[in-house]
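The values are calculated or read from the model by the stated rules, or taken from the named source; none is laboratory data. Note that this is a predicted model, so its numbers are computed, not measured. So basically every Cβ, Gly included, is an ideal-geometry build from the backbone, and we count neighbours across all protein chains shown.
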Amino acid sequence: MKDQLVVITGASSGIGAALAEEAAARGARLALSDVNPDAAKAWLKRSGAKGAAHKLDVSRKDDFEAYIEQVTRDLGPVDVMINNAGVGLSATVAEMSIEDFRWVMDINFWGVVYGTQAVLPAMMARKKGTIVNISSLFGLISVPTQSAYNASKFAVRGFTESLRAELSGTGVNALCVHPGGIKTNIARNSRFSSAPNGADDKAAAVKDFDKIARVQPEQAAKEILEAVRKGRSRLLIGNDARLFDLVQRGFPVRYTQAVNTLLSLTRR
């Protein structure tokens, strides 16, 4: 990745911050963004990594396009676009508001679409580049109270797989990433009404998430950038993602029973 320009959204924390560190260690130049970019800016200053960090709300199409135009002017053409920014919502279909549902879709799905479209024409003209879209284990299986998040991540998966087919023979690759439980703050920062196991205590739900999130962001970042290097099109991160991918393919309807059984074991 030496001297390649890697663009990362949601770069102030979690997988995004780990991706920035790993890409810099591989010699990349960085264009980092976040709705709250202070942490990314501070890290760039401390680390001495090449690049810049800016404020960006990925749910705003015009802002995203303007950002990529600025990045291209300042740093050159984009080699790797990583659409990583994401948020969570834990609520049943009956209780969640349409406003919260739109908030999740605007960031998790439309942010991916806007980021992809902003860089795709130039990549296709150059006949090189990689677009990395972060889906989830919840883009493979559905879980109670995660309907909005599931919808956004299934949408990312379908969008990216279609894009991959369209890009055949162009020199541009689309990689869809399905992380399982990663030790990030997404559960803490999510909007919350009830947990998958029926609990209505967010603090308890966050503790439960921390127990099952086994993979560190740094490991996820290494696997993602290795997949980019190898030109892969699909990546499962964590034993939970690999296991439930197999379960879902083998039992496309009945896997929900297994999910409910596991959740019942954590019900308080």
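Results, tabulated for the structure shown:
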read-out	value
Search result, residues across the range 244-262 that are at pLDDT 90 or above and in a helix (DSSP H, G or I)	Asp245, Leu246, Val247, Gln248, Arg249, Gly250
Single unsatisfied condition, Ala40 versus (1) in contact (Cβ under 8 Å) with a residue 40 or more places away in the chain; (2) of a type outside the set (Lys, Arg); (3) closer than 20 Å to Glu218 by Cβ	(1)
Residue, surrounded by the most Cβ atoms within 10 Å (Cβ to Cβ), within the range 47-69, restricted to residues that are out of contact with any helix residue (DSSP H, G or I) (no Cβ under 8 Å at 6 or more places or on another chain) and either of a type in the set (A, V, I, L, M, F, W, C) or more than 27 Å from Arg102 (Cβ to Cβ) (or both)	Ala66
Hits in the range 98-114 - residues which are out of contact with any helix residue (DSSP H, G or I) (no Cβ under 6 Å at 6 or more places or on another chain) and either crowded, with 23+ Cβ neighbours inside 10 Å or not hydrophobic (A, V, I, L, M, F, W, C) (or both)	Glu99, Asp100, Arg102, Asp106, Gly111
Residue among Leu167, Leu175, Leu120, Leu140 that is more than 30 Å from Ala24 (Cβ to Cβ) and either surrounded by fewer than 16 Cβ atoms within 10 Å (Cβ to Cβ) or not charged (D, E, K, R) (or both)	Leu140
Candidates Arg157, Arg164 - the one that is in contact (Cβ under 8 Å) with a residue 40 or more places away in the chain, touching a strand residue (DSSP E or B) at 6+ places or on another chain (Cβ under 9 Å), closer than 29 Å to Gln4 by Cβ and basic (Lys, Arg)	Arg164
Whichever residue in the range 114-145 is without any contact (Cβ under 8 Å) to a residue 60 or more places away in the chain and of a type in the set (Ser, Thr, Tyr) and, among such residues, is nearest to Asp245 (Cα to Cα)	Ser136
